[in-house]
Structure formats: structure tokens, C-alpha cells
Amino acid sequence: MWIKSFRLRRRPIAIALACILVLVAVTTFAFLNDERKSVISVAQLQKALSKAAPESMQPAPDLEKSIVERIKRGQHTFRYDTFGDEAFWGDTLQLHKAIAGQKLGGVGSGVSPNQALAVGLKVDVEALPKNLVKDLKAGKVNLNDPASTLVLLENDAVVGLTGFFDKKGNLSSIGIQCALCHSTVDDSFAPGIGRRLDGWANRDLNVGAIISLAPNLQVIADRLGVDVATVKKVLAAWGPGKYDALLLMDGKGFRPDGKSGAVLLPPIFSLSGINLHTWTGWGSLVHWNAYVANTQMRGKGTFFDPRLNDPGKYPIAVKTGDWNIRNKPDLVTPKLADLHVYQLALTAPTAPKNSYDEKAAQRGEKLFNEKAMCARCHVPPVFSEPGWNMHTPEEIGIDAFQADRSPDNRYRTSPLQGLWTHQKGGFFHDGRFADLKEVVEHYNTVFKLNLTEREKNDLVEFLKSI
Ligand code: HEC
Ligand code: HEC
């Protein structure tokens, strides 16, 4: 019984096997045939392509045009886009009310143009109508009146700030842009008033003092789980040229030594060719742009970085959900690509001829590449490492505080182009070295370079010339 049924069952198996064999044979033949066909057609294609190559390698005329258009769009985003962040700076913090002052529908005494300039805000002279420039020249504009600040805002002339006005002409909200921290002006009209210089770090800007003006800081206090007085203490400790982009993630306002946890506003030119960005190498340009636009400017977009979902390291980010932000509609993501192209296009300005000693700089360059071994990490011409451009605090002889606030616990090798444009505020992430001479002295000690006084000066002259 058992054997019979086995035999009976075997027959269908044999038939199935035979069918499979036939199928395999047929498909193998078809496949081989097909491959032979495709080999021929690839060869033909290659032949055809090689004939067309010289022509197809010419850049298509519309490629250049499209790059220029993308740069322009990126520039517009960088200069004027608030990503909807007025919902935070205006509607929530009520910063616009402090700027307008009580007389113009706000609160307090208001912010005059002179007060705005004193906290490092810059005025784009090219945005002003000719009449206004004339009046400014003639001293006919009262720079001590907050009403004049509103006129500047109406003309989109305060770098990095956009005023929103209601139908009656009252300032009803305010938003911020990338240009607030990463642009300055050339002072061509007056100190603080001139043509825009995008990518330059605004080391005059006192971000902490500006935020502190806001009538409603409760929302920041709530996020941090502290009182408003504590928030103000933290903001007051930043000082000009500094900002803390991690405060709302880890809640660390101060270092163990009692100094502020804020870092210097970096320049953002000559960043193409550089792998990781920010002082501590958080990620690519696009990573950081999305981070800042969503979590710092509080624009309304999308941001995802699960490294921040770490309650030990980033308790505030976990509590607020800032590691995974989703907004509909998304006002940030559609702008990231062109914003990226714009930043890649920004290059450091060449150092003015008379700003350094040329002969000494030439000797300094040799030292940079050889005896002082700076080029080991600052690899010319990008001046950071091609590859993973990160170092432990010990490797460069400094403390770990800021590095430990970042995912990789390291410092990123700073690109060095245009150092001459940001000598205010010092060097290294927290400005711990007041000038380039101090930087060189530091390396001389840490790396036991045995540089002579003259060699140190030569190195400084080279750094000023990059
Ligand atoms: C309130 C001031 C402020 C605003 C606004 C701001 N940034 Fe920054 N930015 C900083 C600071 C401070 C750092 C350094 C952060 C760090 O290393 O912790 C930085 C770092 C950067 C870097 C890294 C530079 C490098 O050397 O790798 C880029 C790129 C950048 N910002 C682009 C932008 C863009 C684009 C925007 C607008 C979407 C923007 N930032 C808005 C303050 C600001
Ligand atoms: C081991 C790699 C390494 C070597 C070697 C090195 N650097 Fe650096 N450099 C760094 C890192 C990392 C930073 C960022 C420090 C920070 O974020 O505080 C930096 C920062 C700097 C800065 C500050 C830039 C700024 O914007 O504030 C200067 C200037 C500089 N280095 C010059 C030099 C010179 C000159 C030498 C040679 C004497 C040198 N470096 C050697 C890694 C290196």
C-alpha cells in the first residue's frame, strides 16, 4: 500500500522534472541568443557613440544657463527666504514688537537704525531707493528713530531680516534668513551700510542680544526646561560674532570652565571640495542647511537625523522631537538643492595686496607645507583633508567640550581660505586664540615644531594671504 502510493506519486514528479528541464533548456537558449544579440548591439552603440563623442563632450549651452539660474535661485533663498520662520521669530517670540516699539504698535522703546547697527545688523545700501540714499547722505534720515528702522525693513534692506507689514503699514511679524549670520557688507556707504558680501562671517552680529530683545522668551525657556532669566543669562554670554546651534539639542549653555558654549560664526565660502562641515563635522552642506533651516531658524520643513535621538547626549532634541521634523507644506526641502549650488559657488575673496608681506608669505608657504607640517591636515588647495577631515581634541591639543557635543566627538579641519576676512573674534571654534600668531604659537608648542620667531611670522603672513 505504502509502496504503491509511492510509485503512483513518483510519476507526476518525473513529469514535472522533465518539464523543468525542457523549460531550462529553452530559456537558456533564448538567453544566450539574447545575449549574443545584445553584445552586438552594445558594440554598435559604442561605435556610434565614439563618433559622436567630441560633440557630446561639449557642455550643452543650456547647462551653463541652468547653473547660473540655480545659483541665482540659491542666492535668493540665502538672502531673502525665511522658510516660514516668521511664525517663530515674529508670531511666537514677538521680536517685531520690540523692534517697532510702543509708539508704532509694538512694545518698549523700539530699535533705531543706530541701535540695530550697534548689535551688528547690516544695511544693504543697494536695496534702498535713490531718494532715501540721497536723504541718508544729506543726514536727513533720523537714525535714532525706530520709524527709520521700519523704512529699512520695508525696503528689504536689513541684511538677514524680513519685516512683514499689515494693510495699515504696521510691522506685523519678522523672519530671519541665512544671510543674517553669513553675510556682511563692505561699509562702502558708512560703517555697517554698504553692498552685501555673502559668505563672510558677520563677526559684529550679537545674536544673543538680538534674541534677548524678544518680549516672549518663555517658549525657549520651556524647551530648555529653565526660566526666562536663565535663558537671558545664556544669551548674554554669547557676545558678538557667536551663536550656539546646539543649545536647543543638549541644553548646555555653559562649559565646565564657566564660559559660554557658543561658537564663532564661520565664513561659508570656499566650501566646495570639503567633506564634512561645521566646526565639529556634523555632516554635508545639505545636512547642515536642513538642520539650521528647521531646528534653528525654525523654518517649516523636514529634517531627519536619528543621531540626535540620543537621550544621554541630546535630551532636549529627544524631548521636543527636533531630530525628526515634518511640516506640511514643506517650505525648506524644495529649496535645498539650489541653496547647495549657491554655497558651492561662493569662493573666498583674495587678500588685498597690501594686507600681507608677499616675500614673507612665500617663505611661510614653504614652512606650511614642510617644516611646520600644516599641510598634513590642511591639504592645499582645499586646506582640509580630502577624505574624512576629522581629528580628536588631543590631536590638535585642545579640550573636548565642543567636540563631545557632536556625533563623532571630533573637530573638523577648518578650511583656511579668506582667514583675513574674519580676524575679529579670534580663531578656532570658540575664538580661543586672539590672532593668527597665537594659533601658530599653539601649534609650535603642541607639535614641538621649533619654529624661530621669523618663521612664525612668515607662517602668519602666509595664513593672511590664503
Ligand atoms: C543665527 C546665526 C546663523 C544662521 C541664521 C545660519 N547660520 Fe550657518 N552657522 C552658524 C554657526 C554658529 C555655525 C557653526 C556651527 C557649529 O559648528 O556648531 C554655522 C555653520 C554653517 C555652515 C558650516 C560652515 C563650515 O565651515 O563648514 C554652513 C555651510 C552654514 N552654516 C550655512 C547656513 C545656511 C545655508 C543657513 C540658512 C539656511 C544658515 N547657515 C543660517 C550660524 C548661523
Ligand atoms: C592634525 C591636523 C592638523 C594640523 C597638523 C594642523 N591643523 Fe590647523 N586645524 C585643525 C583642526 C581640526 C582645526 C579646527 C579647530 C577648532 O575647531 O577649534 C584647525 C584650525 C586651524 C585654524 C583656525 C581656523 C579658523 O577659522 O579659526 C588655523 C588658522 C589653523 N588651523 C592653522 C594651522 C597651521 C598654521 C598649522 C601648522 C602649524 C596647522 N593648522 C596644523 C587641524 C590641524
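List of remarks:
- Taking the criterion of being more than 10 Å from ligand 1 (Cβ to nearest atom) and part of a helix (DSSP H, G or I), the residues of segment 232-246 that qualify are LYS232, LYS233, VAL234, LEU235, ALA236, ALA237.
- Only one of the listed residues (ASN170, ASN206) is polar (S, T, N, Q) and either under 19 Å from LEU264 (Cβ atoms) or within 16 Å of ligand 2 (Cβ to nearest atom) (or both). That residue is ASN206.
- Residues in segment 412-466 that are surrounded by fewer than 17 Cβ atoms within 10 Å (Cβ to Cβ) and in a loop (DSSP other than H, G, I, E, B): GLN423, LYS424, ARG432, ALA434, ASP435, PHE447, LYS448, ASN450, THR452.
- Residues that are within 14 Å of ligand 1 (Cβ to nearest atom), farther than 27 Å from PHE427 by Cβ and within 13 Å of the chain's Cα centre (by Cα) do not occur anywhere in segment 308-322.
- In summary, ASP186 fulfils each of the numbered conditions (1) out of contact with any strand residue (DSSP E or B) (no Cβ under 9 Å at 6 or more places or on another chain); (2) modelled with pLDDT of 95 or more with the single exception of condition (1).
Residues checked against (1) surrounded by fewer than 21 Cβ atoms within 10 Å (Cβ to Cβ); (2) among the hydrophobic types (A, V, I, L, M, F, W, C):
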| position | (1), (2) |
| --- | --- |
| PHE269 | no, yes |
| GLY273 | yes, no |
| HIS277 | no, no |
| GLY281 | no, no |
| GLY299 | no, no |
| THR302 | yes, no |
| ARG307 | yes, no |
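- If only residues of segment 407-464 that are under 26 Å from the mean Cα position of the chain (by Cα) and aliphatic (A, V, I, L, M) are counted, the one that is nearest to SER384 (Cα to Cα) is LEU416.
- Residue check, ASN409 under 30 Å from SER260 (Cβ atoms) and either part of a loop (DSSP other than H, G, I, E, B) or hydrophobic (A, V, I, L, M, F, W, C) (or both): yes
- For segment 72-103, a tally of residues being aliphatic (A, V, I, L, M) and surrounded by fewer than 18 Cβ atoms within 10 Å (Cβ to Cβ) returns 1.
- Among the residues of segment 279-289, those identified as within 7 Å of ligand 1 (Cβ to nearest atom), over 11 Å from MET390 (Cα atoms) and in contact (Cβ under 8 Å) with a residue 40 or more places away in the chain are LEU285, ASN289.
The values are calculated or read from the model by the stated rules, or taken from the named source; none is laboratory data. Keep in mind the model is a prediction, meaning the values are calculated, not measured. Cβ atoms come from the backbone with ideal geometry, glycine included; neighbour counts cover every protein chain shown.
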